[in-house]
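Where a number appears in this text, it was derived from the coordinates with a stated rule and is not lab data. Note that this is a predicted model, so its numbers are computed, not measured. Note that each Cβ is placed from the backbone with ideal geometry, even for glycine, and that neighbours are counted across all protein chains shown.
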Amino acid sequence: YWAVTAVMGVVVAWAAILEQAGLLIGVAGIGAWLLVRQYRFLRGVEATVDQLTVNLDLDRTRVVAEETSIGTLQVRSERPAGLAVRVSVSPPTGATGETIVSVLGPDENLTQAGFEVTWPIAGQFRFDAPTITVRDSLGLFEQTTTTGPKPSVTVEPRTPRDIHVGEGGTRISAGFGEHEGGRTGTGLTPAEVRRYTPGDTFRRTDWKGPARLDEPHIREFEAEQDYKTLLVVDHRATMGTGSAGRRKLDFARQVALALVDSTQEFGDPLACYTVGDEGVTNAFRPSSDDDHYRSVARMLRTLEPTTTEGPRNGTGGGSGTELLNPGAASRTAQLLSEETDFERRLRPFFADAEQYAQRIVDEPLFGALRVASATLDGGARTIIISDDDHRTELFEAVKAARGGDGHVVAFITPSVLYDSQTLADIDSAYRRYTEFEAFRRDLASVSRVSAYEVGPTDRLTTVLAAGNAERRAKQ
């Protein structure tokens with residue numbers, strides 16, 4: 001088009017120089033031809049797009065991270081368009097694959113192209129609408145528009161299959177999200193029939209009872225109650241320990257998703273907070289709306305470990321500096337006799353309980369629980385999913401989360417079961433596991449606290465087998 005226009009300009013210039021009016025008539029003819037061609041093209045584009053059907057089909061709309069999906073881009077016209085049509089679609093940001101192109105010739109009414117798209121990361125992805133480019137047969141004009149489907153793909157994180165949740169190597173037999181009311185009162189589900197006692201309301205009288213039992217009876221019903229649940233998920237850098245698809249966070253995520261499903265099944269209000277190295281990263285206030293449960297689950301599926309510049313205080317199962325709790329610090333201070341200059345200098349560090357308390361408050365998990373607990377009334381169930389790399393902080397956070405009469409459940413990923421060197425030194429691994437188990441038992445011994453281990457079944461079985469072999473050898 002621009003080449004023809006340039007020629008017209010040159011001819012006009014020469015007509016002026018040579019004073020040849022006949023050349024201007026030729027230019028006017030070419031201009032009129034271009035305008036007619038453009039008008040016909042625009043009419044043709046409208047007709048072509050109106051009769052065009054574009055389908056973008058995928059073999060799956062839900063895949064696992066690092067998997068590849070196969071699809072087809074099909075372009076169909078009710079009749080030959082008379083214009084060249086090019087339809088293209090690019091993979092969504094975050095996916096890998098080449099731009100998908102399907103070309104429909106002027107005399108064709110059906111074409112299709114197959115494609116592959118790989119999804120390296122978890123999340124929700126949506127294709128843009130296909131881009132339709134129409135050109136006339138001489139290449140003078142081109143029109144671009146977008147139309148057609150915009151399919152979405154949900155990419156699930158790679159999940160472990162051999163999840164162990166239990167205590168001391170023994171898998172728990174009941175669903176860890178279940179709860180029972182345990183009391184009677186007003187409700188809809190009959191619980192029992194008992195004898196009438198003075199003070200009982202007549203509204204709950206079982207009027208058929210006197211006819212059968214010759215004395216009045218009261219019908220009790222199961223009390224309806226909602227358990228407000230606070231779910232706190234730790235996804236600090238240490239939760240990234242482990243191989244691809246079998247990291248601490250991969251196992252923790254499955255437990256968290258199961259708890260969300262269980263909470264939704266019972267219709268319990270759910271609050272959810274996630275904790276990174278710098279503090280709270282996601283916050284969901286209590287709600288029992290179905291969209292709320294789906295939003296929490298969607299967030300958990302895309303959760304990844306945060307990064308940190310260096311080790312924080314409060315570690316215990318991995319690297320860093322372990323915080324002593326006030327009792328241990330006080331006992332250590334009493335053992336320092338101050339007979340030497342070294343002991344006199346060391347004693348203040350163990351005797352300052354106020355400094356210890358401030359350091360605990362500044363830790364991410366403890367701080368997140370303090371913020372989250374402000375959104376719940378007393379008596380809520382708090383579920384903490386973390387690892388044992390922050391033992392002292394976790395211990396203090398669990399104690400603080402009990403509130404008035406609340407119950408706390410801790411699901412802990414033992415670092416020893418995710419360390420790549422675990423099986424290289426199996427005896428050392430068993431000793432590390434027994435240290436973790438002692439910590440878990442101490443945590444579970446706290447009033448209104450339950451504590452469970454979460455890890456790969458195969459590694460735990462290997463570590464426990466090594467311990468059994470060691471005990472048999474000593475016998």
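Points to keep in mind about this one:
- In this label model, residue 435 and residue 116 are separated by 4.7 nm, measuring between points 7 Å along each Cα→Cβ vector.
- Residue-span extension gain [residue 14 to residue 278] - 0.36 nm each, minus C-alpha spacing: 87.6 nm
- Loop trypsin sites (Lys or Arg not before Pro), the range 84-181, which have at most 10 other Cβ atoms in a 10 Å radius of their Cβ (DSSP): 161
- The range 57-99-the range 282-300 distance, computed between alpha-carbon centres (Å): 32
- The Cα trace of the range 46-171 gives Rg and Dmax of 19.9, 78 Å, the first to one decimal, the second as a whole number.
- Here the calculated FRET efficiency for residue 51 and residue 171, from their Cβ-Cβ distance with R0 = 51 Å, stands at 0.25, rounded to the nearest 0.05.
- Summary of the geometry: the range 251-267 and the range 373-445, compared by the centres of their Cα atoms, lie 18 Å apart.
- Extension gain, residue 78 back to residue 43 (0.36 nm per residue minus Cα-Cα distance, nm): 11.0 nm
- FRET efficiency, residue 447 to residue 227 (Cβ-Cβ, R0 22 Å, nearest 0.05): 0.75
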